[in-house]
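The values are calculated or read from the model by the stated rules, or taken from the named source; none is laboratory data. Please read these numbers as outputs of a predicted model, since none were measured by experiment. With ideal geometry, Cβ positions are generated from the backbone for all residues, glycine too; neighbour counts draw on all protein chains shown. Each accessible area value is taken on the protein alone, full model and side chains, heavy atoms only, with ligands, DNA and RNA left out. Shrake-Rupley method; radii C 1.70, N 1.55, O 1.52, S 1.80 Å.
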Amino acid sequence: MKGENFFATCPRGLEQALAAELAALNAREVKPVDGGVAFAGDLALCYAANLESRVASRVLWRVGGARYRNENDIYEQARTLPWPRLFDVRRSIRVNVAAIKSPLKSLDFATLRVKDAVCDAFRAARGSRPDVDTVRPDVRIHAFLTRDEATFYLDTSGEALFKRGWRTKAGDAPLRENLAAGILKLAGWSAPTPLLDPMCGGGTFLIEAAMMALDVAPGDGRTFGFEKLENFNEKQWLTLRDRARARRQPARTLPLHGADKSGAVLQLARENLTTTGLSEAVRLKQMDVLDGGPPAESGIMVMNPPYGERLGAADELAAFYPRLGDALKQRYAGWTAYILSADMQLPKRIGLKASRRTPLYNGALECRLFEYRLVAGSLRRGKPRPVTQ
Ligand SMILES: C[S@@+](CC[C@H](N)C(=O)[O-])C[C@H]1O[C@@H](n2cnc3c(N)ncnc32)[C@H](O)[C@@H]1O
């Protein structure tokens, strides 16, 4: 296969981390832009990116693109693309259109026109058209519109890549797996540095960390959109997947620690660790972050406290943050804490000086990843600040 062009999407703020992953897979022409990374390579690279990227949301394969002015131009361009050679007419389809600064009035109408164009291309070539299935399509087609350019992609991922295939039940507001993995990368965490998530919920950070430490390919255990395309090279894919399986280290004790004040939530974390075969790698404990202490002298803490918008009332959180700041200061000297929050008042409330603030998006929710270096010596030993009630 000659060089193809791809675009991997990711949560905004993680583009550089994704670019580094793709470069490590030997992708060519790696170019991060807002919300993703363009790159070039062959089919095997596309399979590898789907299998190995911890940060990507989807890997899209560019099948065409041109300038446009109206919906009719989009229809005509989509109509001339070789869809009937790219997938079988018996595959169901779904079309998604996304746009930035497009002059079109209705994206729904543009979506309909792309769908019509694909179906008309099939009718002309095969005498019949594919069915539409918006819930579980075999093949997803994406069109991306800028002010004057339309680009058409086939989605090689299928279900979004943060769905690793192990989550059966979602706890309270679980983090997306690729956002959790990206935060671990931004934090510079790697084994054997101790890692603590003191508000671990279903354990997403810990599971991603264990997978990183044990070299588990995040996509091993799920299916992908590329398997439904005509050019699917099963032999090549199985070779890649088997190589990843051979590399995987068996679960062993790792310095990964999780805690949550809720016993029910911890039970869910336990179930998730069992499903992923990672129970041995992680220690869990029922604990209130305001009461407990660190599991090691130093390490990295990651956490995403409840957001006012989603769980817990805003005034409860306003009272919680100063106490969290005190707990971190008094008991976690030597640790670096990373807190993901959409609450822009957090820095003021927590009473600690952030050494870094990284804008990140949790879905559509604008967040910051606050970094706090909890330095020994900033403590007044023997005279801890009273915990504000
Ligand atoms: C937004 S959820 C974390 C989700 C988690 N990152 C995941 O991906 O599943 C926040 C968690 O903090 C826990 N929590 C709230 N207050 C706490 C406290 N004071 N100490 C420990 N855990 C707490 C809640 O039980 C909840 O599971």
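Shown is the FRET efficiency for Glu159 and Ser262, computed with R0 = 35 Å from the Cβ-Cβ distance and rounded to the nearest 0.05: 0.75.
Solvent-accessible surface of segment 4-155, taken per residue with a 1.4 Å probe and all protein chains present: 46 Å².
Helices in the chain, meaning DSSP H runs of at least 4 residues, each add -39500 (n - 2.57). Divided by all residues, the mean residue ellipticity at 222 nm is -9500 deg cm²/dmol. For the chain, the relative contact order comes to 14 percent (Cα pairs under 8 Å, sequence separation of at least 6). Using alpha carbons only, the radius of gyration of the chain set against its Kirkwood radius gives Rg/Rh = 1.03. Note on Lys163: lysines with a C-alpha under 23 Å away, same-chain residues under 8 apart excluded, are Lys185, Lys228.
Peptides 183-190, 95-102 ranked from most to least packed give 183-190, 95-102, packing being the mean of other C-beta atoms within 10 angstrom over each peptide's residues. For segment 72-206, the relative contact order comes to 23 percent (Cα pairs under 8 Å, sequence separation of at least 6). Note: relative contact order over segment 1-156, using C-alpha pairs below 8 Å and six or more positions apart, is 25 percent. A Förster radius of 41 Å, combined with the Cβ-Cβ distance separating Thr193 from Arg67, puts the computed FRET efficiency at roughly 0.25. With all protein chains in place and a 1.4 Å probe, the accessible surface of the chain carries 48 percent carbon and sulfur. Taking 0.36 nm per residue of separation and subtracting the current Cα-Cα distance, fully stretching the chain between Ala319 and Thr239 would add 23.4 nm.
Per-residue packing, averaged as other Cβ atoms within 10 Å, sorts the ranges 368-374, 289-295 into the order 368-374, 289-295, beginning with the highest.
Computed from Cα positions, the angle between helix 15-24 and the longest principal axis of the chain comes to roughly 70 degrees.
Cross-link partners of Lys285 among lysines, defined as those whose alpha carbon lies under 22 angstrom from its own and excluding same-chain residues fewer than eight positions apart: Lys169, Lys261, Lys329.
For Lys101, the lysines whose Cα comes closer than 22 Å to its Cα, not counting residues fewer than 8 places off in the same chain, are Lys31, Lys115. To test your reading of the geometry: what angle, between 0 and 90 degrees and rounded to tens, separates the Cα axis of helix 43-52 from the longest principal axis of the chain? With both axes taken from Cα atoms, the answer is about 30 degrees. Once the chain from Asp148 to Asp215 is taken as fully extended at 0.36 nm per residue, the excess over their C-alpha distance is 19.8 nm.
In this simple spin-label approximation, Val375 and Asp108 carry label points 7 Å from Cα along the Cα→Cβ vector, and these lie 5.6 nm apart. Against the main long axis of the alpha-carbon atoms of the chain, helix 263-275 sits at an angle near 50°.
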